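The values are calculated or read from the model by the stated rules, or taken from the named source; none is laboratory data. Worth saying up front: this structure is predicted, and the values here are computed from it rather than measured. In this analysis, Cβ positions are derived from the backbone assuming ideal geometry, glycine residues included, and neighbour counts consider all displayed protein chains. We work out accessible area using only protein heavy atoms, side chains counted, and drop any ligands, DNA or RNA first. Shrake-Rupley method; radii C 1.70, N 1.55, O 1.52, S 1.80 Å.
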Amino acid sequence: VRVVIAGCFLFLLALSVLIVSSCALKQQQHTTLRIWQTAVDPKAVAVLKEIGAEIERTHPGVRDEIESVAWGALSSKLTAAIGAGDPPDIAHLEPFMFSSMQSKNLLEPLDDVIASLNPDDIYPAVKDLQLFDGHRYGIAHAFGITYFGYRKDIADRKGLKLPQTWAEYERFIKSMGSDAGKNGNVLLPGGDPFFVDQLAVELLASNGGHLFDANNRPLFTERPFIEMLRFYRTLAQAAPQDWLNIKYLEQFQHFAKEKGMNVPVMYARAAKEIDAEATPGTNDPNHFAVMPQPVGPSGTKSYATLDGEPWVIFRASKNVDLAKEFLKLFYRRDFYLRFCLAVPMQLTPIFRSMAESPDYVNDPFIKKWQPWQSQERQFLADNRVRPIFMSDDADRLRPFLLELQGSRILSDIVFAVAKDGQDPELAARAGQAKAEELIERLGYRRW
């Protein structure tokens, strides 16, 4: 009897262990690391999936779910997910979103991750963008800057000098207009309000203007802002009739196919489109070139826009340690170099040693488009870059930029002037009132 009882006991013990193990395995198999990121290039996404596969290999039962989110949709998608209490574990943000999220205690500090990356090697332009109260809550996945693109061969044939000011740029595009015909000669991404906002703030910074004063009061009715609206209207008048339907990436395709001669919202990503789509023999920087942004009448120097979406980990994540492992693996030299070379120059490495290494600069594509790369480095060296939707350094700490950009108040002002022909001062006053009301409603009015 004792033998039978003992046997039953051992059987039940083994069964309970099996059930517990099975439950644990089942629970482990349901661990999903959710990642939202903005890279859309197939080669870049492939590298991210390799990193995810490595995490899955070293952590049995874990599944990586990597989703590509378009720039223009990132803000609204994240806002909705946060509002529903269901943010991803890891995501890309734009720096202008940070203060809003940090003020709500949504982000996990990444000091230990960044400390493991040799932070002294990180370019200053991106190193401290997510530094709040002594802690870093994010780090750029890569970065690039904007240019003003133009058809160099046509400008050279006409004997045109590169414009240094807005007034000179207006004359420059008029002088090139005869080659553009009915298409217009200035390409604008009117179909993507996010990039309309981006250009507006870049122009404002290049005109010595600011979005806000020290007390968070919008400065939309001030002279630099009004001058920016007038210049935007001039650009729109030189654009194709359907400019309001042209998306960000589409303008590069139009440029490559000679449907426009000038592109004020230009990133290095355009070089890839030109290389593939332009007429053979013209797909090079001798035909498709970039110039520094011209300076507005109230400005003293111009600025490029810095695109450097940082990785963040949401505090609500149940997989914080696993998310940190993913980020450390992402920056491992072999993975990271291949990721950045997926879209050379558009994905410039954040580490100076890698960005200036033979492994990166000797890439055939970068060597071919070297003048574009040189301008990026010069702007970085001259500290002539501002993150997207930031007119000055103080904007980094304003906790309402996410909500303001999401409201489309700024792009609505631009469209009222550039599309509907409204008086710039009238449109600016209406937008000023809306922005003041939004900031007050959010509790950040200080004036």
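Please specify each residue of region 252-286 satisfying the condition of being under 18 Å from PHE172 (Cβ atoms) and crowded, with 20+ Cβ neighbours inside 10 Å. Answer for region 252-286, where residues must be under 18 Å from PHE172 (Cβ atoms) and crowded, with 20+ Cβ neighbours inside 10 Å: PHE255, GLY260, MET261, ASN262, VAL263, PRO264, VAL265, MET266. Residue-level check: of (1) out of contact with any helix residue (DSSP H, G or I) (no Cβ under 9 Å at 6 or more places or on another chain); (2) buried (at least 18 other Cβ atoms within 10 Å of the Cβ), ARG171 misses just (2).
Put simply, of ASP334, ASP363, ASP321, ASP307 the only residue that is under 29 Å from VAL263 (Cα atoms), over 23 Å from the mean Cα position of the chain (by Cα) and charged (D, E, K, R) is ASP363. Name, by its number, the condition in (1) in contact with a Pro (Cβ under 8 Å, 6 or more places away or on another chain); (2) part of a helix (DSSP H, G or I) that does not hold for PRO163. The one condition PRO163 does not meet is (2).
Is it true that some residue in region 91-101 is closer than 17 Å to LEU397 by Cα, among the charged types (D, E, K, R), assigned to a loop (DSSP other than H, G, I, E, B) and open to solvent by less than 10 Å² (accessible area, probe 1.4 Å)? Within region 91-101, one or more residues are closer than 17 Å to LEU397 by Cα, among the charged types (D, E, K, R), assigned to a loop (DSSP other than H, G, I, E, B) and open to solvent by less than 10 Å² (accessible area, probe 1.4 Å).
When ASN216 is tested against (1) out of contact with any Lys or Arg (no Cβ under 6 Å at 6 or more places or on another chain); (2) open to solvent by 10 Å² or more (accessible area, probe 1.4 Å), only condition (1) is not met.
Would you check if there is a residue in region 145-159 being within 30 Å of PRO88 (Cα to Cα), of a type in the set (A, V, I, L, M, F, W, C) and in contact (Cβ under 8 Å) with a residue 12 or more places away in the chain? Yes, region 145-159 has at least one match.
Of everything in region 61-75, what is closer than 12 Å to LEU322 by Cα and either open to solvent by 50 Å² or more (accessible area, probe 1.4 Å) or assigned to a helix (DSSP H, G or I) (or both)? Give them in sequence order. Correct list: ARG63 only.
Within region 286-309, residues that are aromatic (Phe, Trp, Tyr) and modelled with pLDDT under 95 have Cβ atoms under 6 Å from residues that are surrounded by 23 or more Cβ atoms within 10 Å (Cβ to Cβ) and not in a loop (DSSP other than H, G, I, E, B) in no pair, counting only partners at least 6 apart in sequence or on another chain. Which of (1) under 20 Å from LYS419 (Cβ atoms); (2) open to solvent by 10 Å² or more (accessible area, probe 1.4 Å); (3) among the polar types (S, T, N, Q); (4) modelled with pLDDT of 95 or more is the odd one out, the single condition ASN183 does not satisfy? Every condition holds for ASN183 apart from (4).
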